[in-house]
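S.K.: My questions will all concern the structure given below.
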Amino acid sequence: MSGDQHYYLGSGDHVTLHGGSGNVGIDKRVTPAPDLAPAVQEALRALLSLVQELRAQVPQAGAVALDDSLPALRAEANVPQQERHRALYAVAGIAATFGALGVPIVEAVNKVLGLLGTQ
């Protein structure tokens with residue numbers, strides 16, 4: 001094989017094979033997410049509590065959508081920042097559809113985003 005060849009796998013992996021032989025595997029090491037500041041951890045715990053309260057009051061489809069985001073909202077979750085942000089935006093969007101019931105969640109999401117420096 002001459003030159004680099006790139007492959008994009010269904011798992012989301014991007015693999016580059018460099019020219020020559022000896023390509024023997026995929027390095028699956030992941031850089032761990034940075035530790036969160038205590039204020040961010042506390043804000044995430046408060047948000048998680050609000051989301052769990054809302055979950056009990058929404059239709060099944062809304063509850064399932066919230067459930068999809070819960071793992072990334074846990075303060076102790078070791079998730080990439082992009083995944084956490086995606087979950088925060090998803091929860092805020094879902095909460096916004098429930099009017100006054102969702103306002104505290106949208107505010108809590110905005111607080112977390114502000115603490116993360118992304119707002």
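S.K.: What are the residue pairs meeting all of these: first residue in the range 97-112, first residue more than 14 Å from E53 (Cβ to Cβ), second residue among the acidic types (D, E) and open to solvent by less than 40 Å² (accessible area, probe 1.4 Å), Cβ atoms under 7 Å, and 6 or more apart or on different chains?
M.R.: Taking only residues 6 or more apart or on different chains, not a single pair turns up.
S.K.: Pick from the range 77-102 the residues that are of a type outside the set (G, A, S) and out of contact with any helix residue (DSSP H, G or I) (no Cβ under 8 Å at 6 or more places or on another chain): which of them is surrounded by the most Cβ atoms within 10 Å (Cβ to Cβ)?
M.R.: That would be P80.
S.K.: Kindly provide the set of residues from the range 80-96 that are touching a residue at least 12 places away in the same chain (Cβ under 8 Å) and in a helix (DSSP H, G or I), ordered by number.
M.R.: Hits for the range 80-96 are Q81, R84, H85, R86, A87, L88, Y89, A90, V91, A92, I94, A95.
S.K.: Let me ask something else about it. Can you tell which of A100, A87, A72 is aliphatic (A, V, I, L, M) and more than 13 Å from the chain's Cα centre (by Cα)?
M.R.: On the way: A87 fails: more than 13 Å from the chain's Cα centre (by Cα); A72 fails: more than 13 Å from the chain's Cα centre (by Cα).
That would be A100, the only listed residue that is aliphatic (A, V, I, L, M) and more than 13 Å from the chain's Cα centre (by Cα).
S.K.: Among the residues of the range 33-67, count how many are surrounded by fewer than 18 Cβ atoms within 10 Å (Cβ to Cβ) and in a helix (DSSP H, G or I).
M.R.: Qualifying residue count for the region: 18.
The values are calculated or read from the model by the stated rules, or taken from the named source; none is laboratory data. All values reported here derive from a predicted model rather than from experimental measurement. Note that each Cβ is placed from the backbone with ideal geometry, even for glycine, and that neighbours are counted across all protein chains shown. When the accessible area is computed, the model is the full protein with side chains, heavy atoms only, and any ligands, DNA or RNA have been set aside. Shrake-Rupley method; radii C 1.70, N 1.55, O 1.52, S 1.80 Å.
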